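Comments concern the structure below.
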């Protein structure tokens, strides 16, 4: 029995969506969970018992949509400077943002692209994958149609190359492919939709190429047609998905295609625009409509993965996870269900098999938040401990 570590906790949210368990004992050996018991707390000095009897254990969190090169500042000068910054300046920003994610219990992020592929370079040159506490998946530079939205996070295919040819010959060794297939949401006209940037056949060719190299395809798409095209092509996830409609949600449920709603972006816009402005009003309407869609997604069984779009105006790395969890709960998810979106579902989307759920034989990787579950998600700002493979980080 040597080498066993015992952790007593007041409450457990395991990441599966199941109800909260109270008064649990976690036994850890060889970096893995060997048992989880509902019982009176053990207190055996031989095993080095650690007491978190007034705290909640939950899985480490995953933010499935971030932009590590950008911050959530509302200072236009700073935002413009960050968009054009070189790697030496940006690597400091990226490091700071990774630290912020860690402080909120976020141990994995999926980057949605930047115009200079700084995040990709950071992971290749500066990140020790074996020792890094936060798992980072990057898209490098996203792809968009020439003359359409997307220049902030990527580039169009080279002249005379199809999208598929550009993706196939791209030298960037990225973790996933990011395609932009619509415009941004209008803050002046509620529900305004844009046409798809690429057709179903174009996207389908990219999906096939990505699959051959074991990569997934994430598609920025708002509106019925841009989302429908991406779903027909067999993409792995829809990013944002504002105004996509119930029919697309049904298809997502049937095809088991993940959705990353990023609802907190519209909450942030509504709070940073002048209170009586048209932009603030439309932002609030956009948010309300997205919450209705999230509620419908829950009803239909769509795999929703929490993503914040951190780096957007007013959306701050790490802290935004709290806001997105609150919005999921507002849309009808229970706390355990919302945590599942932010842990298990995100882990699956990123292809991470060893964390996101707290269960027997899984890696002993989890976070401990101060207080009982009623304090969540706000108590994520008071993380008491983070365990990675059984060791306190």
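Throughout, read-outs are computed from the coordinates displayed, never taken from laboratory work. Computed from a prediction, not measured in an experiment: that's the story for all the values here. Glycine also receives a Cβ, built like all others from the backbone with ideal geometry; neighbour counts cover every protein chain displayed.
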What is the extension gain from residue 132 to residue 37, computed as 0.36 nm multiplied by their sequence separation minus the C-alpha to C-alpha distance, in nm to one decimal?
-> 31.1 nm
Quick one: if you stick a label point 7 Å off each Cα along the C-beta vector at residue 272 and residue 354, how many nm between them?
-> 3.7
Under 16 Å by backbone N from the virtual spin label 7 Å along Cα-to-Cβ at residue 279, the residues of segment 313-351 are 313-315
Relative contact order as a percentage, the chain, C-alpha pairs under 8 Å and 6+ apart, gives 21
From the square roots a ≥ b ≥ c of the eigenvalues of the alpha-carbon gyration tensor of segment 237-393, which class results: rounded (a/c under 1.5), prolate (a/b over b/c), or oblate?
-> oblate
Points 7 angstrom from Cα along the Cβ direction at residue 384 and residue 152: gap in nanometres?
-> 4.0
Assuming R0 = 30 Å, what is the FRET efficiency of residue 189 and residue 115, from their Cβ-Cβ distance, to the nearest 0.05?
-> 0.65
With both partners inside the chain, how many of the DSSP beta bridges are antiparallel, as a percent to the nearest 5?
-> 45
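Would you calculate, for the chain, the mean residue ellipticity at 222 nm contributed by helices, counting each DSSP H stretch of 4 or more residues as -39,500 (n - 2.57) and dividing by all residues, to the nearest 500?
Only helices count here, giving -10000 deg cm²/dmol.
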FRET efficiency for residue 256 and residue 361, Cβ-Cβ distance as r, R0 = 30 Å, nearest 0.05?
-> 0.75
What angle, in degrees between 0 and 90 and rounded to the nearest 10, separates the Cα long axis of helix 224-233 from the longest principal axis of the Cα atoms of the chain?
-> 70
Give me the Kirkwood hydrodynamic radius of the chain, using the inverse of the mean 1/r over all pairs of distinct Cα atoms, in Å to one decimal.
-> 21.4
Note the angle between two axes, namely the Cα long axis of helix 200-212 and the longest principal axis of the Cα atoms of the chain, as a number of degrees from 0 to 90, rounded to the nearest 10.
-> 40
In nm, what is the difference between 0.36 nm times the number of residues separating residue 330 and residue 375 and their Cα-Cα distance?
-> 14.7 nm
Gap separating the Cα centres of segment 1-40 and segment 117-140, nearest whole Å = 31
